[in-house]
Amino acid sequence: MNYKQYGQTPPPYQPGGASTALTTQVNTVMRKVYVRMFIGLLISAFAALGVASSPTAMMFLFGNRLVFFGMMIAMIAMAFILPSRFMKMSQGSVLVCFLAYSALMGAWLAPIFVVYRLGTIVYTLFITAGTFGAMSVYGYFTKSNLAKVGSYAMMALFGLIIVMIVNIFVKSSALEWIISIVGVLLFVGLTAWDTQQIKQLSQANLDPALSDKLATIGAMNLYLDFINLFLFLLRIFGGSRD
């Protein structure tokens with residue numbers, strides 16, 4: 001773990017209560033991560049349901065090309081800019097940006113309630129929660145270094161994005177199935193890797209403000225793992241309304 005990246009040092013050796021203090025510090029950060037991730041998911045769920053239940057909102061967001069692409073560009077920009085600039089932002093600004101991103105993502109996901117049956121969505125959501133939970137627990141407790149897993153998964157993710165773009169034009173159902181399977185495997189691995197990274201960062205000798213911002217960024221990373229895992233699983237298990 002490169003502690004110098006955040007201008008911090010590893011926790012100093014202290015006999016006796018050092019282990020307990022470090023455990024408490026890690027637990028505090030991880031609790032913030034999961035609570036904020038859960039809040040983000042709730043915001044997305046309510047935003048998706050709200051938009052899906054309003055024909056006017058659906059028409060405004062998805063019937064207007066300017067609004068549609070504007071929302072997409074805003075989400076992409078926030079996903080790249082927030083993790084790279086959060087060090088220069090206040091704690092509150094980082095959290096507000098994450099919550100705003102969650103709301104935008106929820107609005108973006110509204111069409112799934114039109115395409116898929118509600119029972120299928122709920123069923124897939126439970127599968128996603130179980131899979132995500134198992135991999136996050138593994139990432140937290142494993143003694144193995146998952147850095148290589150994360151590096152390979154990130155490289156594979158870029159390749160998957162390219163294939164997905166190609167398939168928009170090819171429209172191959174077989175390729176769509178392969179994309180979904182690979183996507184699930186990738187985000188299963190990324191969930192474990194991101195969890196381990198967050199744990200390692202929380203073990204650094206961080207000041208409270210930086211620790212709080214890292215908890216929000218960690219929540220955003222796991223939130224994205226969960227959402228993408230859910231969407232790829234929905235492609236596999238989901239049957240459209242038709």
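The values are calculated or read from the model by the stated rules, or taken from the named source; none is laboratory data. Since we're looking at a predicted model, the values are computed, not measured. Positions of Cβ are backbone-derived with ideal geometry, glycine not excepted, and every protein chain shown enters the neighbour counts. Side chains included, ligands, DNA and RNA excluded: accessible areas come from the protein's heavy atoms. Shrake-Rupley method; radii C 1.70, N 1.55, O 1.52, S 1.80 Å.
Things to note:
- Förster radius 35 Å - calculated FRET efficiency between SER84 and VAL122, Cβ distance, rounded to 0.05: 0.45
- Accessible-area order (highest first, 1.4 angstrom probe) of the listed residues TYR34, TYR140, TYR152: TYR152, TYR34, TYR140
- Rolling a 1.4 Å probe over the protein chains gives ARG85 an accessible area of about 120 Å².
- 10 °C / 1.306 mPa s Stokes-Einstein diffusion coefficient of the chain, Kirkwood radius on C-alpha pairs, µm²/s: 82
- Remark: the chain carries a charge dipole of roughly 160 debye about the Cα centre, counting +1 on each Lys and Arg Cβ and -1 on each Asp and Glu Cβ.
- Full-extension gain in nm, GLN200 to ILE161, via 0.36 nm per residue minus C-alpha separation: 11.2 nm
- Between the range 50-96 and the range 211-232, the alpha-carbon center distance in angstrom: 15
- Solvent exposure of the chain as accessible area per residue, Å², 1.4 Å probe: 55
- Each distinct pair of alpha carbons in the range 110-242 adds a 1/r term; the inverse of their mean, the Kirkwood radius, is 16.1 Å.
- Nearest-10 value in Å² for the accessible area of LYS148, using the 1.4 Å probe: 150
- The relative contact order of the range 49-171 comes to 24 percent, based on Cα pairs under 8 Å that sit 6 or more residues apart.
- Cut-off 12 Å, label 7 Å out along Cα→Cβ of MET154, residues of the range 124-147 by amide N: 147
- Projected label points at ALA100 and PHE237, each 7 Å from Cα along the beta carbon direction, are separated by 3.4 nanometres.
- Protein heavy-atom surface of the chain, 1.4 angstrom probe: 70% of the accessible area is carbon and sulfur, with nucleic acids and ligands not counted.
- The angle between the Cα long axis of helix 118-141 and the main principal axis of the chain comes to about 20°, on a 0 to 90 degree scale.
- With 0.36 nm allotted per residue and the present C-alpha distance subtracted, the LYS143-ALA209 stretch has 20.9 nm of extension available.
- Note on surface exposure: LEU146, LEU185, LEU231 rank LEU185, LEU231, LEU146 by accessible area, highest first, 1.4 Å probe.
- In the chain, the longest principal axis of the Cα atoms and the axis of helix 208-237 are about 30 degrees apart.
- Acute angle (nearest 10 degrees) that the helix 147-170 long axis makes with the longest principal axis of the chain, alpha-carbon atoms: 10
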